[in-house]
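For reference, the structure is listed below as structure tokens.
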Amino acid sequence: MLLRISQVLLLFASSTAVFADEPWARTLDKHGVVIETRKVLGSDYKEFRATMTVNANLQKSLAVMQDFAGYKKWMKDCKESRRIAELSASSGIVYSLQATPWPISEREAVVRYTYQKTIKPATVLIWLAAAPDAMPPTPGKVRIAKLKGYWRFRELAPNRTEVIYSMHSEPGGSLPGWAAAGMVAHLPFETLKKLREHLER
């Protein structure tokens, strides 16, 4: 158990090491969703942090995150999602395909996830890191080679949960400026808004 905890902490340390110590700047506060962004050293793409609260308990939130095929119901522009490997009871690898407006090539991500739970306060952290070599690339798609982030679900009350979604990625290929900007504002906003609707049904 101590070894597993140390491995999780090491993963967290490596996943946050790329982030610059830039201050967060609030870029959107709408419909109960707050989006913050900051620059990342050596990257043309910003890191985002999106926060909201939902009227749903922690168990339901966790069940939705473990329904890998169901991501396309609420994740913005997700055309396909599935788990391709279960590495342990708390980790695995997920594949997802993101739709893009023409003529931008669709992006695919192969991501390793690792769960960490605490009891007080009741919290579930899901660390995310790109695993681009875990499966062969798909012809005609652009594989996201660099991605690090997390989901955090923290129980505020028996039927009230705080949700934080934070991510930095290098989408690869060529992206126009408006598409890159949308990745750190429009995409997480729409994702959290749809996730809240899904959880509160």
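The values are calculated or read from the model by the stated rules, or taken from the named source; none is laboratory data. Because the structure is predicted, anything quoted here is derived from the model rather than measured. Cβ coordinates were reconstructed from backbone atoms using ideal geometry, including for glycine residues, and neighbour counts include every protein chain displayed.
General remarks:
- Taken together, A85, A89 contain a single residue that is over 19 Å from D133 (Cβ atoms) and small (G, A, S), which is A89.
- Any hit, the stretch 64-78, residues being modelled with pLDDT under 95, more than 19 Å from R152 (Cα to Cα) and not basic (K, R): yes
- Neighbours by Cβ (under 6 Å, 6+ apart or cross-chain): first from the stretch 115-132, under 15 Å from A89 (Cβ atoms); second among the β-branched types (V, I, T) and outside any strand (DSSP E or B): Q116/V8
- Among the residues of the stretch 110-122, those identified as within 30 Å of N55 (Cα to Cα) and either touching a helix residue (DSSP H, G or I) at 6+ places or on another chain (Cβ under 7 Å) or not in a loop (DSSP other than H, G, I, E, B) (or both) are V111, R112, Y113, T114, Y115, Q116, K117, T118, A122.
- Residue within the stretch 35-58 that is modelled with pLDDT of 95 or more, more than 15 Å from the chain's Cα centre (by Cα), more than 17 Å from A129 (Cα to Cα) and part of a helix (DSSP H, G or I) present: yes
Yes/no per residue for (1) modelled with pLDDT under 95; (2) within 28 Å of E22 (Cβ to Cβ); (3) more than 18 Å from the chain's Cα centre (by Cα):
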{"position": "I126", "(1), (2), (3)": "no, yes, no"}
{"position": "P137", "(1), (2), (3)": "yes, no, yes"}
{"position": "K141", "(1), (2), (3)": "yes, no, yes"}
{"position": "I144", "(1), (2), (3)": "yes, yes, no"}
{"position": "G149", "(1), (2), (3)": "no, yes, no"}
{"position": "R152", "(1), (2), (3)": "no, yes, no"}
{"position": "E155", "(1), (2), (3)": "no, no, yes"}
{"position": "R160", "(1), (2), (3)": "no, no, yes"}
{"position": "S174", "(1), (2), (3)": "yes, yes, yes"}
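- Scanning the stretch 123-154 for residues that are surrounded by fewer than 16 Cβ atoms within 10 Å (Cβ to Cβ) and either within 25 Å of M52 (Cα to Cα) or touching a His at 6+ places or on another chain (Cβ under 9 Å) (or both) returns a single hit, K146.
- Scope the stretch 54-107; condition aromatic (F, W, Y), more than 25 Å from V34 (Cβ to Cβ) and crowded, with 18+ Cβ neighbours inside 10 Å; matching residues: Y95
- Complete set of residues in the stretch 59-89 that are out of contact with any helix residue (DSSP H, G or I) (no Cβ under 8 Å at 6 or more places or on another chain) and either of a type in the set (G, A, S) or free of Cβ contacts under 8 Å to residues at least 12 places away in the same chain (or both): Q59, A63, Q66, D67, A69, K72, A85, E86, S88, A89
The rows are residues; the columns are (1) under 22 Å from V163 (Cα atoms); (2) among the hydrophobic types (A, V, I, L, M, F, W, C).
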site	(1), (2)
I93	yes, yes
L97	no, yes
P103	no, no
Q116	yes, no
L125	yes, yes
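- Residues in the stretch 90-115 that are in contact with an Asp or Glu (Cβ under 6 Å, 6 or more places away or on another chain) and small (G, A, S): G92, A99.
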